[in-house]
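The structure appears below as structure tokens.
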Amino acid sequence: ISSLSFTKTKVRYVQGMNEIVGTIYFVLANDFNEDWASEAEADTYFLFNTLMVEMRDIFVPDLDDADTGIQGRISNMMTLLSLHDPEVRCHLDDCGIDASFYSIRWLTTLLSREFLLPDTIRLWDSMFASTHKDNFLRYVCVTMVMITRDELLKSDFSTCLRLLQSYPPTNVDQLLEASRALWIYESQVTLACHKGGISLQQALTAIAPPPAIIMAYGLKGGITPDRSERMRQAGEKSLAAAKGAAKEASNTVATAGKSFFGNARGLWG
């Protein structure tokens, strides 16, 4: 990180970068190929540098308000939350919870501080394989908020903030399925409106949200189990429903040329 700061003067250090580096190094140092593992430190620098090139705008203060800057990305994230779960968005606003209180860390550290290391690696596998990493992260972050909607809606400022800043244990596979299903459903509805020439209300009436979705366009998808149950089970029913929805939507999404997850489809199971 210190070496990188000398070569990229406009990129400011953000607390949590060390966890990005640590995650990369852990994966490389534990490679089954011992020759590759022995080069983990050098490879970590190369990969971290490459990642910072892609994420550069987040760390440049002059670009904060640009779409690719940190405030621009937070704004896009909250626009998506307003679209799909306006009740939670309004509640957070009423409580005085500014999205920057929790989402800056989520976005700048790629959620590496919110999950255990194996779960972070699982999430990164899908994210780095995606052809649209920014959209991927945005949908995952919005789904994280919606997963905790029941707790948020009955909580005040301090409890909401504590929940979002210290994100509770969550089934990452279920989180990924829910965010994937949300994107596919949104694509279906958008295509129905644009190509079918129908209104949003007509599209929502004709296309029901799949069970894996928490919320979409203010409508409830599947029933989210209690957190304790969610931790005990692998969420087989939700995963199966999401796979069915993905299969049904794949032709439509491919025709439109909007393959959000691209080559990552196989990683979702």
Original post:
Taking region 26-67, which residues are in contact (Cβ under 8 Å) with a residue 60 or more places away in the chain and in a loop (DSSP other than H, G, I, E, B)?
Top reply: none
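Rundown of residues vs (1) surrounded by 21 or more Cβ atoms within 10 Å (Cβ to Cβ); (2) within 23 Å of ILE58 (Cα to Cα), yes/no style:
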position: THR109; (1), (2): no, yes
position: ALA129; (1), (2): no, yes
position: ILE147; (1), (2): yes, no
position: LEU161; (1), (2): no, yes
position: LEU164; (1), (2): yes, yes
position: PRO168; (1), (2): no, no
Original post:
What about ILE121, is it of a type in the set (A, V, I, L, M) and under 30 Å from ALA29 (Cβ atoms)?
Top reply: yes
Original post:
Does any residue of region 186-194 turn out to be touching a strand residue (DSSP E or B) at 6+ places or on another chain (Cβ under 6 Å), in contact (Cβ under 8 Å) with a residue 12 or more places away in the chain and either within 27 Å of SER126 (Cβ to Cβ) or outside the structural domain of ALA99 (by TED's automatic domain parsing) (or both)?
Top reply: no
Original post:
From the list ARG89, ARG73, ARG113, which one is of a type in the set (Lys, Arg) and farther than 27 Å from VAL21 by Cβ?
Top reply: ARG89
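Conditions tested, residue by residue: (1) touching a Phe, Trp or Tyr at 6+ places or on another chain (Cβ under 7 Å); (2) closer than 27 Å to PHE115 by Cα; (3) free of Cβ contacts under 8 Å to residues at least 40 places away in the same chain.
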| residue | (1), (2), (3) |
| --- | --- |
| ASP173 | no, yes, no |
| LEU200 | no, no, yes |
| ALA203 | no, no, yes |
| ALA206 | no, no, yes |
| PRO211 | no, yes, yes |
Original post:
Out of all the residues in region 118-133, is one or more touching a strand residue (DSSP E or B) at 6+ places or on another chain (Cβ under 7 Å) and touching a residue at least 24 places away in the same chain (Cβ under 8 Å)?
Top reply: no
**OP:** Report, by residue number, each residue of region 167-219 that is in a helix (DSSP H, G or I) and under 20 Å from TYR102 (Cβ atoms).
**Re:** VAL172, LEU175, LEU176, ALA178, SER179, LEU182
Original post:
Within region 150-166, is even one residue assigned to a helix (DSSP H, G or I), of a type in the set (Asp, Glu) and closer than 23 Å to ASN135 by Cα?
Top reply: no
Original post:
Of the residues that make up region 84-100, is at least one more than 17 Å from ARG138 (Cα to Cα), not assigned by TED's automatic domain parsing to the domain that holds GLN165 and not in a helix (DSSP H, G or I)?
Top reply: no
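The values are calculated or read from the model by the stated rules, or taken from the named source; none is laboratory data. Everything numeric in this text was worked out from a predicted model, so none of it was measured. Reconstructed Cβ throughout: ideal geometry from the backbone, glycine too, with neighbour counts over all protein chains shown.
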